[in-house]
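Scroll down for the structure; my scribbles are underneath it.
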Amino acid sequence: MIAVDGPSGSGKSTAARRTAAVLGLRYLDTGAMYRALTWWLLGQQVDLTDPAAIVARLDEPVLTVVPDPAAPKIRVNGIDVAGPIRTREVSNAVSAVAAIPEVRQVLIAQQREVIAEAVAARAGIVAEGRDIGTVVAPDAPVKVYLTASEEARARRRSADLAADPAATVATIKREQADRDRRDAAQLVMAPDAVEIDTTALGLDAVVGEIVGMARGWAAVSHG
Ligand code: DC
């Protein structure tokens with residue numbers, strides 16, 4: 001299993017998904033799970049400043065993930081939410097939800113199940129998020145921590161949100177700084193992770209490094 005952690009805009013999702021495709025592994029986007037829960041809570045008009053109100057509703061939304069790098073899927077109570085979870089509304093609301101310990105407990109348990117299923121099926125998996133290498137799967141044999149300059153991260157997020165005219169680089173930069181501050185507790189580099197600065201690296205170079213690490217590990221552990 002490969003753990004890929006890092007802040008938003010570090011190129012984590014694209015690199016993790018591509019790595020999984022290249023190596024024939026499954027792919028789990030844990031941020032999508034926090035986003036899907038947040039999307040559902042917003043739709044239910046739950047007050048996101050009230051952790052008790054959120055915790056009281058936690059057993060209602062059923063999250064389903066399909067960890068296929070060719071066609072990853074995320075559903076809440078059967079509804080495909082891949083599109084709506086990427087809006088700025090969700091991006092700006094999700095940290096408050098992800099900061100609640102009961103929320104993390106529930107989602108981390110589900111993430112560990114998806115990882116355990118992949119390991120049991122001898123399929124292997126690339127899981128990406130903030131706390132994969134530290135909390136979700138501290139035994140992961142390959143851990144990567146992606147970083148990038150603030151400017152590069154904001155540019156990438158803004159390009160992702162090209163359809164949203166309000167998503168200028170300056171606005172995204174401000175929202176990103178707010179989110180970084182709120183996410184800081186979750187985002188810790190594991191002491192045994194390899195840090196890759198993606199500011200000046202293309203996707204192929206980042207994927208190449210991770211694939212190289214994974215093959216190196218496989219060669220050592222399987223002879
Ligand atoms: O990676 P992302 O931007 O899709 O993550 C969405 C939010 O979820 C982000 O604000 C931090 C949170 N998150 C988390 O707390 N733990 C994770 N393992 C993944 C994401």
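For the reader, a short list of remarks on this structure follows.
- Failed criterion for Ala166 (all others in (1) of a type outside the set (Ser, Thr, Tyr); (2) closer than 23 Å to Ala93 by Cα; (3) assigned to a helix (DSSP H, G or I) hold): (3)
- Yes/no for Thr49 being within 18 Å of Glu102 (Cβ to Cβ) and polar (S, T, N, Q): yes
- The combined condition, being touching a residue at least 24 places away in the same chain (Cβ under 8 Å) and either open to solvent by less than 40 Å² (accessible area, probe 1.4 Å) or within 30 Å of Glu89 (Cβ to Cβ) (or both), is fulfilled by Ala185.
- Test: residue in the stretch 94-102 that is of a type outside the set (A, V, I, L, M, F, W, C) and farther than 22 Å from Thr14 by Cβ: yes
- Candidate set: the stretch 93-146, residues that are within 9 Å of the ligand (Cβ to nearest atom) and not in a helix (DSSP H, G or I); chosen: the one most open to solvent (accessible area, probe 1.4 Å): Ala99
- From the options Ala70, Ala52, residue that is closer than 26 Å to Thr14 by Cβ, more than 11 Å from the ligand (Cβ to nearest atom), of a type in the set (A, V, I, L, M) and modelled with pLDDT of 95 or more: Ala70
- Ala162 being modelled with pLDDT of 95 or more and under 28 Å from Ala70 (Cα atoms): no
- Unique match (being in a helix (DSSP H, G or I) and of a type in the set (Val, Ile, Thr)) among Val220, Val188: Val220
- Residues being open to solvent by 40 Å² or more (accessible area, probe 1.4 Å) and not hydrophobic (A, V, I, L, M, F, W, C) - total across the stretch 29-82: 18
- Output for the stretch 12-28, where each listed residue is within 13 Å of the chain's Cα centre (by Cα) and crowded, with 24+ Cβ neighbours inside 10 Å: Lys12, Ala15, Ala16, Tyr27, Leu28
- Among the candidates Ala154, Ala163, residue that is without any contact (Cβ under 8 Å) to a residue 60 or more places away in the chain and either open to solvent by less than 20 Å² (accessible area, probe 1.4 Å) or more than 24 Å from Ala193 (Cα to Cα) (or both): Ala163
- Number of residues in the stretch 9-36 that are at pLDDT 95 or above, within 11 Å of the ligand (Cβ to nearest atom) and touching a strand residue (DSSP E or B) at 6+ places or on another chain (Cβ under 7 Å) equals 8.
- Cβ pairs under 8 Å, 6+ apart, first in the stretch 87-116 and in contact (Cβ under 8 Å) with a residue 12 or more places away in the chain, second among the aromatic types (Phe, Trp, Tyr) and assigned to a helix (DSSP H, G or I): Val90/Trp39; Val94/Tyr34; Val97/Tyr34; Ala98/Tyr34; Val103/Tyr34; Leu107/Tyr34
The values are calculated or read from the model by the stated rules, or taken from the named source; none is laboratory data. This structure is a prediction, so every number in the text was calculated from the model and none was measured. Glycine gets a Cβ as well: all are built from the backbone with ideal geometry, and neighbour counts include every protein chain shown. Quick note on the areas: whole protein, heavy atoms, side chains included, nothing else; ligands and nucleic acids left out. Shrake-Rupley method; radii C 1.70, N 1.55, O 1.52, S 1.80 Å.
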